[in-house]
Amino acid sequence: MLTDEIKTQLIQAASEARQWAYAPYSNYPVGAALLTASGRVYDGVNVESAAFPTTMCAERVAIYKAVSEGERNFVTLAVVTANGGSPCGSCRQVLAEFGLDTLVIIADAEGKIVREMTVGELVPVAFMPEDLRNVSS
Ligand SMILES: [Zn+2]
């Protein structure tokens, strides 16, 4: 069960990771912490590049780290930004790939929860793996 204590720990982990964000262009550092069903937490930060399209978001860094360690079942993703900004569309789509029930907690730099919702709520009518199946040509 996801207790308030666990939520606070995730927000703290995301907040601590945020210091390592590489965001010299946007000056918008983001930290993320992803709790998986195994109980492990994977953090992530945004990593920008002078070639802007190659920039990667904190949320996807955390997800990719988890997946690269064999994790695919996610419980909760905490995201911390200065002002509680929401995950971008690309991150929402990648989150949806691994399940619509994952809880997303969005907090500001003070650790205050700004929003709390499921991936399904963040991505209504998501394009899902099933959409690539059951296609009659
Ligand atoms: Zn993103």
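Since every read-out is calculated from the coordinates, none of them should be taken as a lab result. Computed from a prediction, not measured in an experiment: that's the story for all the values here. Please note: Cβ atoms are built from the backbone with ideal geometry, for glycine as well, and neighbour counts cover all protein chains shown.
From the list THR36, THR54, the one residue that fits, being away from the ligand (no atom under 13 Å from the Cβ), polar (S, T, N, Q) and under 21 Å from MET1 (Cα atoms), is THR36.
Considering segment 74-88, the residues that are small (Gly, Ala, Ser) and under 11 Å from the mean Cα position of the chain (by Cα) include one that is nearest to the ligand (Cβ to nearest atom), namely SER86.
Taking GLY120 as the residue in question, decide whether it is loosely packed, with under 12 Cβ neighbours inside 10 Å, of a type outside the set (Lys, Arg) and away from the ligand (no atom under 16 Å from the Cβ).
Numbers: loosely packed, with under 12 Cβ neighbours inside 10 Å: no; of a type outside the set (Lys, Arg): yes; away from the ligand (no atom under 16 Å from the Cβ): yes.
So GLY120 does not fit the description; no.
Remark: pairs (first residue in segment 94-105, on the phi < 0 side of the Ramachandran plot and touching a residue at least 24 places away in the same chain (Cβ under 8 Å); second residue part of a loop (DSSP other than H, G, I, E, B) and among the charged types (D, E, K, R); Cβ separation under 8 Å; 6+ apart in sequence or on different chains) = PHE98/ARG72.
Within the group GLN93, GLN19, which residue is polar (S, T, N, Q), farther than 21 Å from GLU5 by Cβ and buried (at least 16 other Cβ atoms within 10 Å of the Cβ)?
Result: GLN93 is the single residue among GLN93, GLN19 that is polar (S, T, N, Q), farther than 21 Å from GLU5 by Cβ and buried (at least 16 other Cβ atoms within 10 Å of the Cβ).
When GLU71, GLU97, GLU59 are checked against the criterion of being over 9 Å from the mean Cα position of the chain (by Cα) and within 15 Å of the ligand (Cβ to nearest atom), a single residue qualifies: GLU97.
Counted as qualifying within segment 43-137 are the helices (runs of 4 or more DSSP H) with 1 or more residues that are closer than 16 Å to VAL30 by Cα and hydroxyl-bearing (Ser, Thr, Tyr), namely 58-68, 89-97.
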